[in-house]
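Enquirer: Here it is, the structure in full.
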Amino acid sequence: MNKILQNENTAPAGSDFARKMLNASMSTVEVVGENIVRKTYKRNQFPEPERWLKSYNQLRAWDYRYIKVHKVSNDYIEMDYVDGGIHLIDVLENKTNHTVDEKMKIITDFIDILSLSYGYISQSNEVFLHTDLSLTNVLVDSDNQLIVIDPDACGYEARQDKGLSNLIYVHHNAMHKYYRLLSYKKFANEN
């Protein structure tokens, strides 16, 4: 029997309410094997699964922190299961026991992911990118390593400027969080 992590009546964690309800009504997430998760959709999510997987693996070769995808079909995707992963947003909003130094390293790694995304977009022949790269779609594992999740948000962006504007927005917010951590650390060291 598979362990259901999210079914169509359970809103996923880490995003705004409307998106939670939309995603929850369109997919089921379950553990289907040892450390493998399957996300199944009610719609045709991947019209060209082989092409998508090839493009995703090229993106993952560019930045190893994207979650490993094992199999893709028209209506499901199988990927690694991250046991005990914590959403990056929870770490940065003080919902964990991470120190300021750990948070600064983690946010620096996230900024690096964003920077590598810029580089990948500029180097690739087609614009294939994670269209929802945000603090809610990155997990922090038990070794404080980052893992970009929600690979089904990766796709061929017809308008490169739309994808880049999203990355710039997220990058700006990450830099703001980094600045706040740096200011806090400086204040704590002075007192």
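All of the numbers you see were taken from the coordinates with simple rules; none came from a lab. What you see is a predicted model, and the numbers here were worked out from it, not measured in a lab. Glycine gets a Cβ as well: all are built from the backbone with ideal geometry, and neighbour counts include every protein chain shown.
Enquirer: Using modelled amide H (1.01 Å from N, peptide plane; none on Pro or chain starts), what sits under 5 Å from the amide H of Y66, excluding residues fewer than 5 places away?
Expert: Under 5 Å from the amide H of Y66: V148.
Enquirer: Would you mind counting up the charge near P151? Only other residues with Cβ under 11 Å from its Cβ, with Lys and Arg at +1 and Asp and Glu at -1.
Expert: -2
Enquirer: If you look for lysine pairs in region 35-96 that are eight or more places apart or on different chains, how many of them have Cα atoms under 19 Å apart?
Expert: Details: K39/K54; K39/K68; K39/K71; K42/K71; K54/K68; K54/K71.
Lysine pair count for region 35-96: 6.
Enquirer: Another one. Full extension from D141 to Y179: what is 0.36 nm times the residue separation minus their Cα-Cα distance, to one decimal in nm? Each step should come with its number before you reach the end.
Expert: Values: separation 38, 0.36 × 38 = 13.68 nm, distance 2.33 nm.
Once the chain is fully extended between D141 and Y179, it gains 11.4 nm.
Enquirer: How far, in nm, would the chain grow between Y118 and K54 when pulled straight, counting 0.36 nm per residue and subtracting the alpha carbon separation?
Expert: In short, 21.1 nm is gained.
Enquirer: Multiply the residue gap between E34 and Y156 by 0.36 nm, knock off their C-alpha separation, and tell me the result in nm, one decimal place. Mind dumping the intermediate values first?
Expert: Working: separation 122, 0.36 × 122 = 43.92 nm, distance 3.05 nm.
The span from E34 to Y156 would gain 40.9 nm if fully extended.
Enquirer: Amide H to amide H, which residues 5 or more places from T131 or on other chains are under 5 Å from it, using H placed in the peptide plane?
Expert: Amide H neighbours of T131: C154, G155.
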